[in-house]
Amino acid sequence: MNISGTHYRTIWPTVTGSVRVIDQSRLPFEFATVDLETLEDAASAIRSMVVRGAPLIGATAAYGIALASRQDSSDTHLKEAARTLQATRPTAHNLAWALSQMRRALKRVSPRERANVAFKEAARICDADVEQCRAIGVHGFEIIRRRAAAVGRVVNILTHCNAGWLACVDWGTALSPVYAAHDAGIPIHVWVDETRPRNQGASLTAFELAAQGVPHTVIADNLGGHLMQRGRVDMVIVGSDRTTAAGDVCNKIGTYLKALAARDNDIPFYAALPAGTIDWSLDQGSDIPIEERSATELTHITGRSSSGALATVRVVPESSPVLNLGFDVTPARLVTALITERGLCAASRAGLESLYPDRRIAHALVGS
Ligand code: MRU
């Protein structure tokens, strides 16, 4: 995607051998990049949310293994590196998925060749993510096009958190259909949930929609239900950090409430996701590990003061305890359809297996 006319991905290798990422902790106030030189740089970028969003967490972990294998390509070190990266953020399945791709690529490679192979595999994972997200856009575009034809006016789409190109390598998941529709001249408008506590909607989704010229409005997290009751939302599209084999969707905290409100108002609710998000080992959304993050994300807010300086202020009394869980699970029954790189399917095991038949065979073999 473009920022001020320049095309960027969120992560790319440099000629000097480092891995460059956009520092998302400084957006929307400042566009800056950071160079990752070591395994610990990569792990810390994921942990501190310099990079975030399920697909980008996976891509960064892949490069983390590449950086680790340049430091020490022994089996012991690479196993330890994978453990360190896996521990950074527990909910996004793309992290475990990317690490398994790296493990497979390096399995039969001699330690001397590993760094080279690892960098190539990480680049392949990134390219595949770009292609998958582009394909999600093509499939999701059809839903928006049909809705636009049916309503004969601007289509209002509500989204939660940031599931745009900043959360991936390029294009995005939930926002990829939005960009495809906008580029095709379909009149759209996006309601952007601010997404407390970290405000990924207000800071990142708004930033990227503005940069692409997509009409949008930032709203308080609690406004969505009211807008739905008043007929001002035509569809909801969100991303997913982990999708169970039964089609339950785990995404940023607050997603579930939007799905409930959408169902009550007969508004379609879609989750857009690439295959790496699907955890085929889980049937129950309640088994997904939910990340608990630092209380300061809730007790403090950072913004730009009228003097132009960045300021962090406390918004909760010193003595009040807080609970900051990062994700919730929307049960499959509330999801109208999943939008994947292979097309749309019902949010169910049968639906997912119709798009990924290899998994149906694997499941049948394990079950027999
Ligand atoms: O905590 P974050 O910012 O990593 O959470 C991101 C989300 O919840 C996204 O919606 C999700 O990763 C889907 S990304 C395409």
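The values are calculated or read from the model by the stated rules, or taken from the named source; none is laboratory data. Quick caveat, the model's predicted, so the values are computed rather than measured. Glycine also receives a Cβ, built like all others from the backbone with ideal geometry; neighbour counts cover every protein chain displayed. Just so you know, the surface numbers come from the protein's heavy atoms only, side chains and all, with ligands and any DNA or RNA stripped out. Shrake-Rupley method; radii C 1.70, N 1.55, O 1.52, S 1.80 Å.
Say whether the condition of being near the ligand (Cβ under 10 Å from one of its atoms), over 21 Å from Arg230 (Cα atoms) and open to solvent by less than 20 Å² (accessible area, probe 1.4 Å) is met by at least one residue in the range 135-144. Yes: the range 135-144 contains one or more residues that are near the ligand (Cβ under 10 Å from one of its atoms), over 21 Å from Arg230 (Cα atoms) and open to solvent by less than 20 Å² (accessible area, probe 1.4 Å). Within the range 166-185, the set of residues being within 9 Å of the ligand (Cβ to nearest atom), assigned to a helix (DSSP H, G or I) and in contact with a strand residue (DSSP E or B) (Cβ under 6 Å, 6 or more places away or on another chain) comprises just one member, Leu175.
The residue that is surrounded by the fewest Cβ atoms within 10 Å (Cβ to Cβ), counting only those in the range 213-261 that are part of a helix (DSSP H, G or I) and within 16 Å of the ligand (Cβ to nearest atom), is Leu257. I'm checking my understanding of the structure. Among residues of the range 262-297 that are assigned to a helix (DSSP H, G or I) and within 12 Å of the ligand (Cβ to nearest atom), which one is most open to solvent (accessible area, probe 1.4 Å)? In this case the residue turns out to be Glu297.
Which residue, of Ala174, Ala167, is more than 23 Å from Gly225 (Cβ to Cβ), within 16 Å of the chain's Cα centre (by Cα) and buried (at least 22 other Cβ atoms within 10 Å of the Cβ)?
Just one listed residue meets the conditions, Ala167.
The combined condition, being open to solvent by less than 30 Å² (accessible area, probe 1.4 Å) and out of contact with any strand residue (DSSP E or B) (no Cβ under 8 Å at 6 or more places or on another chain), is not fulfilled by Cys161. Just so you know, in the range 189-206 the residues that are in a strand (DSSP E or B) and open to solvent by less than 10 Å² (accessible area, probe 1.4 Å) include one that is nearest to Gly224 (Cα to Cα), and it is Asp193.
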